[in-house]
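Have a look at the structure below before the remarks.
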Amino acid sequence: MKYPRMLPLDQELIGYHDSQQWPEPLRQRIAADPAARERWECSCRVARLLTLKTYERPDTQAAARCRVAIRAAIDDVAASSGRAAWAWPLSVHLLNPAVRYGAAAALLVLLGVHVTTNSRLPAIHTSPQTLQRTVVATPPQEERIAASEERANPQMTPEIWSNLAPRVHQHDTFRLIGTDH
Amino acid sequence: MKRATDQSNPALPEAEDHTLVARAQAGDVAAYDQLVQRHQAKIYGLIYNMTSNQQDAEDLVQEVFLKGFKVLKHFKGKSSFYTWIYRIAINRTINFIKKRRNRSALSLNDMDSTVENDPAYVELSARESPLRDVSLAELQEKLNNALRTLSEKHRAVVVLHDIQGIPHDEIGKMMNCSPGTVRSRLFYARQQLQNELAEYVK
């Protein structure tokens with residue numbers, strides 16, 4: 001359906017509620033234009049009728065029900081996103097450009113340090129010479145087992161025996177003397 | 001024009017909203033809960049009057065506040081929280097109506113019996129008209145059906161201004177348009193409603 005075009009006077013009138021006083025110039029213009037006044041009054045009747053809708057009331061439990069559901073949904077979101085209490089202030093502060101640029105600069109420095117360190121470490125760990133040195137320096141497994149067994153049960157050599165012999169004789173002498181007494 | 005129960009301007013102190021928003025942004029869920037409590041009725045009224053369906057309104061209110069919680073960190077306080085949350089509610093409801101195209105049936109809240117003392121209702125009942133014995137339920141249904149004939153944006157403007165009593169410039173901020181556009185939409189919406197509700201207004 002085609003409606004009449006909105007005229008400047010209509011535009012001016014629609015800014016007023018029907019209880020408001022019009023300024024004198026506007027009052028004079030409306031007095032000279034009965035059609036505009038009729039449109040305005042009809043429009044006000046519609047608006048008045050619509051205010052009856054403010055008497056529609058939700059049931060008494062609706063607000064509480066809604067609020068509980070909202071709180072539950074918010075708790076779910078907070079839990080599922082794993083947002084800690086500090087995460088929000090952090091993200092809010094990051095909205096500040098100075099903080100944002102500072103954070104970006106710090107990140108770049110950290111990246112630089114990381115790249116420099118990484119570029120050195122692989123040379124130590126993976127050079128073929130190093131690997132060769134490591135292989136040569138490591139004794140075969142049998143030798144290592146034998147060495148550890150030897151440390152646990154050393155073979156009796158003449159040198160060891162000569163070191164131990166006087167102590168054994170002394171011990172025996174004491175025991176013999178004690179027996180005599 | 002007398003507004004029976006104006007839920008839109010309950011003069012909630014904005015400063016308190018500001019404090020609550022700051023606390024909520026710092027991770028205080030209880031502060032956001034208080035914001036919900038303060039604005040829930042107005043948001044419900046807006047959505048209910050736009051959808052004319054109780055269940056849809058309840059679901060959308062939850063969606064709106066959940067969305068608000070998720071994006072609260074982006075709220076910089078250039079407008080009031082009230083305007084900001086209204087903007088989310090309007091956009092969400094307009095999208096919902098576009099998708100549904102009013103396929104959901106009317107599901108209306110009960111009318112408060114004090115409506116019978118309202119001057120608009122008294123005037124309507126007293127008028128010499130064959131329809132003056134119209135029942136309240138029938139009138140309510142006709143009003144809601146008439147609103148449903150409007151486009152989403154026209155409906156939003158009518159609900160915000162004529163039912164919730166929000167000024168044009170505030171509606172302009174909420175709907176991201178000029179006050180002139182708001183007035184124009186209001187004018188055409190009322191013209192269409194005049195035709196839909198001719199039996200009551202002529």
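Please treat every number below as a calculation from the coordinates, not as lab data. In this text the structure is predicted, and so the values were computed from the model without any measurement. Heads up, the Cβs are rebuilt from the backbone with ideal geometry, glycines too, and the neighbour counts pull from every protein chain shown.
Some values worked out for this structure:
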item: Rg/Rg_ref, the stretch B:47-121, where Rg_ref = 2.2 N^0.38 Å and atoms are Cα; result: 1.36
item: Sorted by Cβ neighbour density within 10 Å, fewest at the top, the residues B:186, A:9, B:136; result: B:136, A:9, B:186
item: Per-residue [θ]222 nm for chain B (sum of -39500 (n - 2.57) over DSSP H runs n ≥ 4, rounded to 500); result: -20500 deg cm²/dmol
item: Rg [Å, one decimal], Dmax [Å, integer] - chain B, C-alpha atoms; result: 18.0, 61
item: Label-point separation in nm, residue B:202 to residue B:135, each point 7 Å along Cα→Cβ; result: 2.6
item: When each of A:53/B:173; B:70/B:173; B:173/B:202; A:53/B:76; B:99/B:202 is checked by Cα-Cα distance, pairs over 29 Å; result: B:173/B:202; A:53/B:76; B:99/B:202
item: Ascending count of other beta-carbon atoms within 10 Å, so fewest first, for A:14, A:74; result: A:74, A:14
item: Percent of Cα-Cα distances greater than 18 Å, calculated over the stretch B:106-202; result: 53
